[in-house]
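Student: Before I ask anything, let me first share the structure, which is written out below as structure tokens.
The values are calculated or read from the model by the stated rules, or taken from the named source; none is laboratory data. All values reported here derive from a predicted model rather than from experimental measurement. Quick reminder, even Gly has a Cβ in these numbers, built from the backbone with ideal geometry, and neighbours come from all protein chains shown.
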Amino acid sequence: MNLQYALLNDSSWQSQTDWQIPDTPFMSFAFWQALTETGAIGEQAGWLPIFILVHRVEASSTDNAQNNEAYAATDSAQKAEEVETTPVTQSVAVLPVFIKNHHRGEFVFDHAWAEAYARYGVDYYPRLVSSAPYTPITGQRLWLAEGEALTADILQTAIAGVDDIAQQVGASSWHGLFVTPELASVASAAMPTDVDIERALAAQDNGLEPTAIDIPILERQGCQFLWQNKNLLDDEQPFTDFDAFLMTLTAKKRKNIRAERKKVARQGIRCVRKCGEDITEGDWKAFYHCYVMTYAIRGQRPYLSEAFFKKLAQSMPEHLFLAQAYNESDEIIASSLFLYDKPHSKGATLYGRYWGALGEYDSLHFELCYYQGIEFAIEQGLTYFDPGTQGEHKLIRGFIPTKTHSLHRIYDPRFVPAISDFCTKDRMHMAQYRKQAHEALPFNSDNMPSFDS
């Protein structure tokens, strides 16, 4: 019994076995189908997917003469010669890999690496990326078949497929973005984290491709902010309401948040929450108008189309939550779209993803993107609220600094030492940043969460 891989350019593998439900909606087949059908991923978008199918191969004996009386009388040696052996394959896992010539929609930045390659006259593109497109949310990056668990053997086989793609297209590197701590740990144990540079360079000088043991897996760590539905003042029970959450904060921060919410009300703005099939066609049009404005003020085009969001509404409404802001004329002036896991499931999370407003309104962003989300998470019994990447302004509103992980595989050994050194220093810097951010949390001393170094 062993593991092998196959490279596929379509999603035919989805029907080959029963797959586990992914840990976030962003790795659901419905989400990826919406991305594909609306052109958000594909060659034109610069996100060209290849799927690495990891399968288990077993030998199966087929005895065509089992019911033959004469065959029963033959000796064992002759029987062995007449047995036909055919391989049986069983799908185990799939790792998606995108061939990219840009960095858009990734949120883990390696522009400095591309600039270093350019200074030496070396192509950094194409490069390979495994991620949930346009989504800086930590989660699984492999789909696993029912009954399977992530192992070093599965990951090593998948990475062998990555290396194969890299060699075929001449990719400079592979980047696994916002991977789970589990995947980062398995990668660290399964793959080399350093390299014999002299041996690798000697192989390269002789026109040889570096072997797997010559290519390290490098890890970067980042910081995002995560709200937890956990009241340390009440034996870590979920909060009963928004005020119960506020009572865990210092008096000053509690007062500031209440003041921000009052500012929204004084502008004549009211907020409405809708889920799934309650979101109307008109709501989607108003949301997309707001969403486009977020990009327009920066002179950019949005990554995702209105058709994409309507596809989500058709295929996965049970994961959609829309917060809307209405003015005194009952017009929608801002919208914030969230996705969320099945309520009360283990680690169920609310994901703040897409926001936009038609104008500038005092404190409305905080209300629609954070406070409405916290209230919804409490009402639905969700454990966490991930509001998206970056932003210390989340910290002072009770979002806890949390470590993120990304994996990087550099194929040109000349660049490995410098990039490895960068990753090491970057991890140290981010650890210090998370510690400082943790010390600035607005909680009372008896409700301060522990620091995860």
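Student: Just need a number here: residues in region 112-145 that are in contact with a Ser or Thr (Cβ under 8 Å, 6 or more places away or on another chain) and aromatic (Phe, Trp, Tyr). Reasoning before the result, please.
Tutor: The first filter runs over region 112-145 and keeps only residues in contact with a Ser or Thr (Cβ under 8 Å, 6 or more places away or on another chain), leaving 113, 117, 122-128, 132, 136-141, 145.
Subsequent filtering for residues that are aromatic (Phe, Trp, Tyr) retains 113, 117, 124-125.
Number of matching residues: 4.
Student: Any residue in region 149-171 that is within 20 Å of VAL122 (Cβ to Cβ) sitting within a Cβ distance under 6 Å of a residue that is of a type in the set (Ser, Thr, Tyr) and surrounded by 21 or more Cβ atoms within 10 Å (Cβ to Cβ)? List the pairs, counting only those 6 or more apart or interchain.
Tutor: ALA166/TYR411
Student: Do we have any residue at all in region 358-367 that's in contact with a Pro (Cβ under 7 Å, 6 or more places away or on another chain), outside the structural domain of GLY139 (by TED's automatic domain parsing) and either in a helix (DSSP H, G or I) or within 26 Å of LYS285 (Cα to Cα) (or both)? Can you show your working first?
Tutor: Quick first cut of region 358-367, residues in contact with a Pro (Cβ under 7 Å, 6 or more places away or on another chain) only: none.
Looking through region 358-367, none of the residues is in contact with a Pro (Cβ under 7 Å, 6 or more places away or on another chain), outside the structural domain of GLY139 (by TED's automatic domain parsing) and either in a helix (DSSP H, G or I) or within 26 Å of LYS285 (Cα to Cα) (or both).
Student: Okay, moving on. Going by the conditions given, is PHE338 in contact with a Gly (Cβ under 8 Å, 6 or more places away or on another chain), aromatic (Phe, Trp, Tyr) and in contact (Cβ under 8 Å) with a residue 60 or more places away in the chain? Please lay out each step first, then the result.
Tutor: Working: in contact with a Gly (Cβ under 8 Å, 6 or more places away or on another chain): yes; aromatic (Phe, Trp, Tyr): yes; in contact (Cβ under 8 Å) with a residue 60 or more places away in the chain: no.
Criteria not met by PHE338.
Student: Something else about it: Right, ARG353: under 17 Å from the mean Cα position of the chain (by Cα), farther than 26 Å from SER185 by Cβ and either among the basic types (Lys, Arg) or part of a loop (DSSP other than H, G, I, E, B) (or both) or not? So that I can check it myself, show each step before the final result.
Tutor: Details: under 17 Å from the mean Cα position of the chain (by Cα): yes; farther than 26 Å from SER185 by Cβ: yes; either among the basic types (Lys, Arg) or part of a loop (DSSP other than H, G, I, E, B) (or both): yes.
Yes, satisfied.
Student: Same structure again: Just a yes or no: is a residue in region 294-301 outside any loop (DSSP other than H, G, I, E, B) and either at pLDDT 95 or above or crowded, with 16+ Cβ neighbours inside 10 Å (or both)? Please lay out each step first, then the result.
Tutor: Taking region 294-301 first, the residues outside any loop (DSSP other than H, G, I, E, B) are 294-296.
With the extra rule that they be either at pLDDT 95 or above or crowded, with 16+ Cβ neighbours inside 10 Å (or both), the set shrinks to none.
Checked against the condition, which is being outside any loop (DSSP other than H, G, I, E, B) and either at pLDDT 95 or above or crowded, with 16+ Cβ neighbours inside 10 Å (or both), region 294-301 yields no hits at all.
Student: Additional query: Please specify each residue of region 99-123 satisfying the condition of being surrounded by 13 or more Cβ atoms within 10 Å (Cβ to Cβ), without any contact (Cβ under 8 Å) to a residue 40 or more places away in the chain and more than 25 Å from TYR354 (Cα to Cα).
Tutor: Across region 99-123, the qualifying residue is only ALA114.
Student: Right, here's the next one. Considering only region 327-350, state which residues are surrounded by 16 or more Cβ atoms within 10 Å (Cβ to Cβ) and closer than 18 Å to TYR288 by Cα.
Tutor: Our first condition is that a residue be surrounded by 16 or more Cβ atoms within 10 Å (Cβ to Cβ); within region 327-350, this holds for 327, 332-341, 348-350.
ASN327, ILE332, ILE333, ALA334, SER335, SER336, LEU337, PHE338, LEU339, listed by residue number.
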